[in-house]
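S.K.: One structure follows; several queries about it will come next.
FYI, it's all coordinate maths here, none of it is from the lab. Model, not experiment: these values are computed from the prediction. For neighbour counting, all protein chains shown are included, and Cβ atoms are generated from backbone atoms with ideal geometry for every residue, glycine included.
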Amino acid sequence: MAFSLYERQYLGIHGLLPPAFMTEEQQAYRVMAKLRKQPDDLAKYIQLDALQDRNERLFYRVLCDNVKELLPIVYTPTVGLACQKFGFIYRNPKGLYVTINDNSISKIYQILSNWPTQNIQAIVVTDGERILGLGDLGTYGIGIPVGKLALYVALAGIQPEWCLPVIIDVGTDNQGLLNDPFYTGLRRKRVRGDEYDSLMDNFMRACTK
């Protein structure tokens with residue numbers, strides 16, 4: 001709703017938005033007003049997650065203006081609960097997924113090349129085995145690199161397009177996840193030993209290629 005009448009006409013969206021014009025500041029105020037009415041922290045996390053999908057610029061405006069209040073929502077402790085519930089609250093894919101089936105430099109490099117921005121300056125990666133003391137959460141652990149990079153943007157001034165959250169999926173030893181109909185990762189026991197080490201080595205080599 002921040003588009004001017006001229007911008008709406010130029011972009012071909014005139015009539016597709018409510019006629020009122022709202023500044024980014026007004027929109028941020030509305031986001032926080034709604035957020036503070038949410039019944040619990042997980043509901044707040046879900047609202048912010050949806051906002052990041054819909055309007056990343058506004059998401060970071062809200063986060064930067066309210067860091068002290070929102071830090072426990074975007075990251076610990078709420079992100080741990082969000083990871084545990086990830087399959088149920090899943091909306092849109094976030095981050096990059098590299099699996100044990102992609103265990104070669106060329107395959108991993110191709111996956112990295114599929115990321116929509118190329119000027120990556122910060123990568124946060126996890127294999128999901130030890131998530132905030134919650135144990136093995138497999139690909140549900142993607143919330144950790146996503147949340148951590150959001151803080152890098154809000155607190156360190158890193159540009160969002162420089163950030164790449166990555167989950168390396170080598171399976172999970174969490175039987176509850178293997179039985180979870182909503183689980184988003186490979187349904188196999190966790191790979192260890194030489195094959196695991198080879199994947200990690202290939203990932204690092206592909207990142208620096």
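S.K.: Report the semi-axes of the equivalent ellipsoid for the stretch 1-68 in whole Å, largest first, where each axis is √(5λ) for an eigenvalue λ of the Cα gyration tensor.
M.R.: Its equivalent ellipsoid spans semi-axes of 26, 12, 11 Å.
S.K.: OK, next. Starting from 0.36 nm per residue, how many nanometres of slack lie between ASP201 and GLU69 once their C-alpha separation is accounted for?
M.R.: Difference between extended and current length: 43.6 nm.
S.K.: Let me check the size of the chain from its C-alpha atoms; what are the radius of gyration and Dmax in Å?
M.R.: 19.1, 61
S.K.: Further, regarding this structure: Find the percent of Cα-Cα distances in the stretch 92-208 that exceed 19 Å, and round it to a whole number.
M.R.: 47 percent
S.K.: Right, next: Return the Rg/Rh value of the stretch 50-126, two decimal places, where both radii are evaluated on C-alpha atoms and Rh is the Kirkwood radius.
M.R.: 1.02
S.K.: Kindly write out, for the stretch 35-43 in residue order, the coupling ³J(HN,Hα) from the Karplus curve 6.51 cos²θ - 1.76 cosθ + 1.60 (θ = phi - 60°), rounded to whole Hz, with x marking Gly and Pro.
M.R.: 4, 6, 8, 5, x, 7, 5, 5, 5
S.K.: Still on this structure, please answer the following. Considering only the other residues whose Cβ falls under 10 Å of the Cβ of LEU178, what net charge follows from Lys and Arg at +1 and Asp and Glu at -1?
M.R.: Summing Lys and Arg as +1 and Asp and Glu as -1 gives +1.
S.K.: Next question, about the same structure. Which one of GLY171, GLY157, MET200 is farthest out on the positive end of the charge dipole of the stretch 92-208, using unit charges on Cβ (Lys, Arg +1; Asp, Glu -1) and the Cα centre as origin?
M.R.: Farthest along the dipole direction, towards plus: GLY157.
S.K.: Nearest 20 debye, what's the magnitude of the dipole of the stretch 92-208 about its Cα centre given +1 on Lys and Arg Cβ and -1 on Asp and Glu Cβ?
M.R.: Dipole magnitude for the stretch 92-208 comes out near 160 debye.
S.K.: When only C-alpha pairs under 8 Å and at least 6 residues apart count, what is the relative contact order of the chain, in percent?
M.R.: Dividing the mean separation by the residue count of the chain yields 20 percent.
S.K.: Another question, if that's okay. Nearest 20 debye, what's the magnitude of the dipole of the chain about its Cα centre given +1 on Lys and Arg Cβ and -1 on Asp and Glu Cβ?
M.R.: Dipole magnitude for the chain comes out near 400 debye.
S.K.: Which net charge results when you count Lys and Arg as +1 and Asp and Glu as -1 among the other residues whose beta-carbon is under 13 Å from that of ASN101?
M.R.: 0
S.K.: Now for a different question. With the cut-off at 29 Å, tell me which of the pairs LYS34/LYS68; LYS37/LYS68; LYS44/LYS107; LYS44/LYS94 have Cα atoms farther apart than that.
M.R.: LYS44/LYS107
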